[in-house]
Amino acid sequence: MVAAEKTADSQGNSYAQMMETAGRSLAQAIIARWPVENTSVLVLVGPGNNGGDGLVAGRYLAEAGADVAFYLFKPRDPAKDENYAKIQQMGLFAVEATFDQRFRVLRTRLRVTDILIDALLGTGVARPITGDLAKLMQQTAVGLEERRAELADAARSPLTNLTNFADKVTRWQGDKVAGEPSGTLSPPHLVTPSPITVAVDCPSGLNCDTGALDPVALPADLTVTFAGPKRGHFVFPGATAVGELVVADIGITAEMVSDVLVEVATLDLARNLLPARPKDGHKGTFGKLLIAAGCEKYRGAPLLAARGAFRAGAGLVTLAVPTALRLGISIALPEATYAEIEEEGWLTAVSAHHIHQTASRYDALLIGPGLGDADDFIATLFPADGTAPDVPTLIDADGLNALARLDSWWERLPAPCVLTPHPAEMARLMGISLADLLEKDRIETALAQAKKWNQVVLFKGAHTVVAAPDGRATLLPFANPVLAVGGSGDVLSGVIATLLGQGLSPYDAARLGGTLHGLAGALSQKNRGLLAAEIADFVAETFTLLASQ
């Protein structure tokens, strides 16, 4: 961002203009979410450009009818600071922290604050916050908590209804705000207890490079960042403090940051990757998928993968599963067909030979969900001589675990496959402990392994990373615990494999499939209790959402 801003300034988009654009965009984001007329706004103004952004935003909010006050951590000279001079000319209240003994003015103002704008540090945190700034932030946190407690007490009814719960549910549903996801895949707007905290670029105390979170950090309900998101927005524990994340355009073009190969998935990206659905298409048009999965212990995995595939629009799904699983799956999913597999309880080398012989009939292969102990099957399907089926392939779950037990396993695979490990599977594939893996940067790990293995890697977890062997990566902006349920990954694999079968490249199939899966969780609007089969059903709704934009 430092380099990009210098480039923009040298090309005529001055720092002053970028600050004006940033502050205006911040105010617009607030106005779009909450009523500001006659609302009490407090802007915490830091000493740098972040504080300047806050001054501009406060000016625009005042022009929109808000009662705006500014609390300056360090003095500003109106003769040298145009934005500070403007708020003085408007007669807006401002106080410097150096003149506020025991933070009395700050605490008094916080008692009436509806919206707090945190423009103290932004992306400038690189070391622990100490001294006067730490005291200011601690006092702010205490004041906000007191304000929330006061408002909660005022809203609490002295009456408790022990029988008429239906009325409570109806009123709760009516209170929810209906909002469509934005172009950055933000969730629908939530009703947040006053006071609202809005961070300028980054919550103060969050390291935007590492995601480290200072003990005195100010968590935000909304973060408005500029030009592009920063890695720290998506790295825990810092990601917990970001709230809703919105990116504002301040005139920095893609060419100014051309060396950045990591992007964040958006609705526009997903929409542009969607395969065509011609009106004269038939089931062959929309992909023939072969899923090799399941054993007696994990009977539901192939069913969930197939359900995800069908909901993603697959034309034909064939299951290579042990015979003991067929009856149950056929009852639950009569649309599926079955490969000529004879083993009763689990797939073996015999099944692998059959898949070798028939793979060319299919547009994509999905290997692994619920296979159990499948070492012979995987070793035979992906032999050491590199003669694996030459069909777009996704490998997941027990398929990955079996690969990890083979020396130089990546040399056995056609390139590139899509590998979809969760952290424990990734650690096995890398030959390291899970503890060691969790110490590593998720993005850099995915990029390094994709290059080493010459495969597309979808590294699962909150803020999933999709990495390609050529150094590109896409971060999926979803951290939704409702998706953390058994079978969720099987559905995801079915979705991605379908997109492979419909002609998308492995990298595009993985990042679009992951986005659809994350959107399905968001569309459910559930906090918990979502079944994996229901995730698949919501996948179908994501296409309607994308088509409606």
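If you take the square roots of the eigenvalues of the alpha-carbon gyration tensor of segment 268-548 and sort them as a ≥ b ≥ c, do you get rounded (a/c under 1.5), prolate (a/b over b/c) or oblate?
Since a/c stays below 1.5, the shape of segment 268-548 is classed as rounded.
Ranked highest first by the average count of other Cβ atoms within 10 Å around their residues, in what order do 5-14, 265-274, 453-462 fall?
Numbers: 5-14: 14.4, 265-274: 17.8, 453-462: 23.2.
Output ranking for 5-14, 265-274, 453-462: 453-462, 265-274, 5-14.
Quick one: which of 53-61, 419-427 comes out on top by average Cβ neighbours within 10 Å, and what's the full order, highest first?
53-61, 419-427
Quick check: net charge around residue 507, other residues with Cβ under 11 Å of its Cβ, Lys/Arg +1 and Asp/Glu -1?
0
Report, ordered by chain and residue number, the lysines lying within cross-link reach of residue 135, taken as a straight Cα distance under 21 Å and ignoring same-chain residues fewer than 8 apart.
Partners found: 74.
For Rg and Dmax of the Cα atoms in Å, one of (i) 22.4, 66; (ii) 26.3, 79; (iii) 26.8, 85 was computed from the structure I shared and the rest are decoys. Which label?
Label (iii) holds the value from this structure.
Of the peptides 93-103, 493-503, how do they stack up when ordered by the mean number of other Cβ atoms within 10 Å, highest first?
493-503, 93-103
For labels at residue 525 and residue 153 in the simple 7 Å Cα→Cβ model, what's the distance in nm?
The two pseudo-label positions are separated by 3.4 nm.
Going by Cα centres, segment 416-482 and segment 287-345 are how many Å apart?
Here the answer is 27 Å between Cα centres.
Please report how many Lys pairs in segment 268-548 have alpha carbons closer than 28 angstrom, counting only residues at least 8 apart along the chain or sitting on separate chains.
So the count of such lysine pairs works out to 10.
Throughout, read-outs are computed from the coordinates displayed, never taken from laboratory work. In this text, all values refer to a predicted model and were calculated from it rather than measured experimentally. Glycine gets a Cβ as well: all are built from the backbone with ideal geometry, and neighbour counts include every protein chain shown.
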